[in-house]
Amino acid sequence: CIIELGSWLGRSANFIAVEAPNAMIFAVDLWDNSIFQHDEHYSKSSMFIEILNNGPIHQQFMRNTWEARYPRSSTPGSASASSFPSGIVPMRMDSREALRILKEIDVSPDLIYVDANHHYQPVLDDVSLCVELFPDALIVGDDWHYEEVQRAVKEVAAKHDKELYVHGSNLSLIHI
């Protein structure tokens, strides 16, 4: 069971679905173009502007993840066949709201991939809540090149006495 906070266009959700074909993947995002249009991390990038001009990002996500949607169809006896339901489940809401709902319905994630907002307070809130609600889950993320991400993740790791591993430099994988 995997929770992805910040699914945007669905590329990482699809990657996870391919690499873990029997996984249930809860893809969480607001999918709100206006947020990206008003956020300096994105609004100055021609690549992001082009993506936003392709229409609502929620529709782009749905198109990009359609084949891996829940319930994922598989042929009995195939490598991806499982008695456990698998596939991508979109949750169009704030990440903290989604985490609380998933906890209430007794979801027990093996992995939480944090790639939502890249500003200090939202990262601090997301990662803190992940550690609080799902202490046994492996928490990973990327975008370590953002100073605000680094500061928030380091603070949570120190507060909860968690080890922090950083792999890579630009598009980093972080886990606590």
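Computed from the coordinates by the stated procedures, all read-outs in this text should not be read as laboratory data. Every value quoted in this text rests on a predicted model; they were computed, and no experiment measured them.
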**Asked** In percent, how large is the relative contact order of the chain, given Cα pairs closer than 8 Å and 6 or more residues apart?
**Response** 23 percent
**Complete:** Listed by chain and number, the residues whose amide H is under 5 Å from that of Met24, excluding neighbours fewer than 5 places away on the same chain and using placed H, are Ile2, Gly87
**Prompt:** Relative to the present Cα-Cα distance, how much length would full extension add between His160 and Met93 at 0.36 nm per residue of separation?
**Reply:** 21.5 nm
**Asked** Got a sec to turn the phi values of segment 21-34 into Karplus ³J(HN,Hα) couplings, 6.51 cos²θ - 1.76 cosθ + 1.60 with θ = phi - 60°, whole Hz, x for Gly and Pro?
**Response** x, 9, 8, 8, 10, 8, 9, 10, 6, 7, 6, 10, 3, 5
**Asked** What list of ³J(HN,Hα) couplings, whole Hz, do you get for segment 3-19 from phi and the Karplus terms 6.51, -1.76, 1.60, once you set θ to phi - 60° and write x for glycine and proline?
**Response** 10, 10, 9, x, 9, 6, 8, x, 5, 6, 4, 5, 4, 4, 4, 6, 6
**Request:** Taking amide H positions as placed in the peptide plane 1.01 Å from N, state which residues far from Met91 in sequence (5 or more) or on other chains have amide H under 5 Å from it.
**Result:** Ala27, Val28, Asp29
**Request:** Could you state the orientation-averaged shadow area of the convex hull built on the Cα atoms of the chain, in nm² to one decimal?
**Result:** 10.3 nm²
**Asked** Check His145: other-chain or 5+ apart residues with amide H under 5 Å from its amide H, H built from backbone geometry?
**Response** Ser172
**Asked** Tell me, what HN-Hα J-couplings in whole Hz come from the Karplus equation 6.51 cos²θ - 1.76 cosθ + 1.60 at θ = phi - 60° for each residue of segment 151-164, using x for Gly and Pro?
**Response** 4, 5, 5, 4, 5, 5, 4, 5, 4, 9, 6, 9, 6, 10
